[in-house]
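Report on the following structure.
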Amino acid sequence: MAKLHFFYSTMNAGKSTSLLQSNHNYIESKMNTKLFIPKEIGKKSNGKIISRIGLTANAIVVDKKYNFYTEIEQSKDLKCVFVDESQFLSKDQVRELAKVTDLLNIPVMCYGIRTDFRGELFEGSKELLSISDNLIELKTICSMCDKKAIMVVRLDENGNVLLKGKKVLIGGNERYKSVCRKHFRELTNLV
């Protein structure tokens, strides 16, 4: 029986690298896969999943109206579905992916961040944490100590911590820093 998997972490834990490696393993075994990326990232990456170490693959860019079940149901001989940046999915889209596993018997592997820069769950992550068959934490280290990083702080152009702003602001190391809860508390006073 197929399962819905949620691989989650903070930034810089290798989520996209792990996704691309797993997809490569399917392709090497001559199995068909589909890769998806939400529009929030896909428009900036030109429809590619890009890892920080340089691996890339083309992906289908989806907006909030995209119906995974309807589209995947029409696919022939599909062996696995991969979704990067799954925190940007809607609750309904996560449920559609669960339906893919339950009714079409196709494994779905979602990769994403749990919480935003204020320590609040993203909609897609919240639903994935609620209904996924497997929850797999990918670990990385706090940028300020040797503890496990579980949160991110958002930085302005001068490296100052921001506490307000849009929930979604795409950026990399210039914009976000991965930290442990202790340092998140010290930097933000939000927990």
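Values for this structure:
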quantity: Among beta bridges that DSSP assigns inside the chain, antiparallel share in %, nearest 5; calculated: 35 percent
quantity: Estimated 222 nm signal from helices in the chain, with DSSP H stretches of n ≥ 4 weighted -39500 (n - 2.57), rounded to 500; calculated: -8000 deg cm²/dmol
quantity: Net charge over other residues, Cβ less than 11 angstrom from the Cβ of Ser125 (K, R count +1; D, E count -1); calculated: -2
quantity: Size of electric dipole in segment 4-137: Cβ of Lys, Arg +1 and of Asp, Glu -1, about Cα centre, debye, nearest 20; calculated: 340 debye
quantity: Neighbourhood net charge (9 Å Cβ-Cβ; Lys/Arg +1, Asp/Glu -1) for Phe88; calculated: -1
quantity: Sequence of Glu157, Glu123 once ranked by neighbouring C-beta atoms within 10 Å, starting from the fewest; calculated: Glu157, Glu123
quantity: Long pairs among Lys65/Lys166; Lys48/Lys167; Lys43/Lys65; Lys64/Lys99; Lys34/Lys167, criterion Cα-Cα beyond 19 Å; calculated: Lys65/Lys166; Lys48/Lys167; Lys34/Lys167
quantity: FRET efficiency estimate (nearest 0.05) - Cβ-Cβ, Glu71 to Lys147, R0 45 angstrom; calculated: 0.65
quantity: Extended-chain gain in nm, criterion 0.36 nm per residue less alpha-carbon gap, Glu137 and Lys164; calculated: 7.0 nm
quantity: Unit charges at the beta carbon, dipole of the chain: most positive-side option, Asn173, Ala2, Met109; calculated: Asn173
quantity: Cα gyration tensor category, rounded, prolate or oblate, for segment 1-69 with a/c compared to 1.5; calculated: rounded
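Where a number appears in this text, it was derived from the coordinates with a stated rule and is not lab data. As the structure is a prediction and not an experimental result, all values here were calculated from the model. Glycine gets a Cβ as well: all are built from the backbone with ideal geometry, and neighbour counts include every protein chain shown.
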